[in-house]
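What follows is a single structure, written as structure tokens, with notes after it.
Quick note: the coordinates plus some simple rules give every number you see, no bench work behind them. Predicted model only: the values in this text are computed from it and were never measured. We place every Cβ from the backbone using ideal geometry, glycine too, and count neighbours over all the protein chains shown.
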Amino acid sequence: MMDYPRRFRGFNLMRQLMGLALSTGVLVTSPLLADEPVVADVQTENYQQAIEAWRTSRDQRLKQPDGWLTLVGLEWLKEGNNRIGSAADNDILLSGGPAYWGSVVLQDGQLSFSNSDPDLVKINNEPLTEAVLIADTEAEPSIISSGTLSINVIKRESYALRIKDSQARALLNFKGVDNYPIDESWRIDGRFTRAEAGTVVEIINVLGQVDESPVFGTFEFDKDGKTYSLLGIGDDDSESLWFMFTDRTSGHGTYGAGRYLYSDAMPENGRLTVDFNKAYNPPCAFNPYSTCPIPPPQNRMDLWVTAGEKDFHPDPG
């Protein structure tokens, strides 16, 4: 699995949102998105105010103590015992907490944690000595925590520990994401063609891993006298469609690997509205430890999309 803004499990768009703030405002859900911001849709009479409110909500989500700005490490697990702690002789060295937190045990695809210091190290906020660990691909992941640090297991073909610090410098120094000026002409009503049932697209992530995502159809629109198209990812249970795209601004003012975007709703009568003022940076723009999916070749546009979020560079302090 990859760090999808709203995680897809196989062909299903997962449901639950956890207050995310990294998308467009239409609530699609996902149980694993404590690490993924999504903004609730903002209803105002004024379009300018609506986008400004959306951006404010987006920044607020990024400021939360479990957001992408708090991600400070990604450590791959080996089979057997993986000792973690702040002492130098651990298999995985942490920046805080006790010298020896305990051991994460990976055995034939099963995960558990043996806690060496229940007074300081909690498992799902409980002082447990032993616990089975749930990875992010299964359900709500188990959280191991001590002080400002928290750890959960992710699975990206192999298992790894995702490490967060609620007092990370990138978070403490965060002053918001820069955006292009709001331009309502980038809220585009275009044509939509439904894909055949079972259509999928292979998506590669920054680790080089490949996953299949369900294609709901193709969004086609006209801009400056030319026609462009994007594959929309989603299924019959989706409440909006997800787009990953690159454009002429990628690496020239916006994040080089592309941006993400959600439609305002689902297609109706062969039409779909997509607001590029809500184009947002993927998690990899905020830290080097994410496993972001990369836009497929079909979604690379020869168009200057001067709308939405600009490139972001975390301030380490």
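Odds and ends about this structure:
- The Kirkwood hydrodynamic radius of the chain, based on inverse pair distances between different Cα atoms, is 20.3 Å.
- Cα gyration tensor category, rounded, prolate or oblate, for the stretch 191-317 with a/c compared to 1.5: oblate
- Antiparallel content of DSSP bridges confined to the chain, in %, to 5: 95
- Length-normalised contact order of the stretch 75-171 in % [C-alpha pairs under 8 Å, at least 6 apart]: 20
- Inter-site label distance for residue 46 and residue 128 at 7 Å from Cα along Cβ, in nm: 5.1
- Taking each residue as 0.36 nm, the span from residue 148 to residue 197 lengthens on full extension beyond its C-alpha to C-alpha distance by 13.0 nm.
- Our estimate of slack between residue 81 and residue 157, defined as 0.36 nm per intervening residue step minus the Cα-Cα distance, is 25.5 nm.
- Dividing the summed -39500 (n - 2.57) terms of all DSSP H runs of n ≥ 4 by the residue count of the chain sets its mean residue ellipticity at 222 nm at -2000 deg cm²/dmol.
- Two-site label geometry, residue 183 and residue 207: point separation in nm, points 7 Å out along Cα→Cβ: 3.8
- The stretch 75-171, Cα convex hull volume normalised per residue, Å³: 96
- Residue 279 long-range amide H proximity, modeled H, under 5 Å: 308, 309
- For residue 300 and residue 63, the difference between the fully extended length at 0.36 nm per residue and the C-alpha to C-alpha distance is 82.3 nm.
- DSSP beta bridge pairing in the stretch 75-171, given as percent antiparallel to the nearest 5: 95
- Residue 119 versus residue 268: modelled label distance in nm, points set 7 Å from Cα along the beta carbon direction: 6.1
- C-alpha long axis of helix 47-62 to longest principal axis of the chain, angle in °: 10
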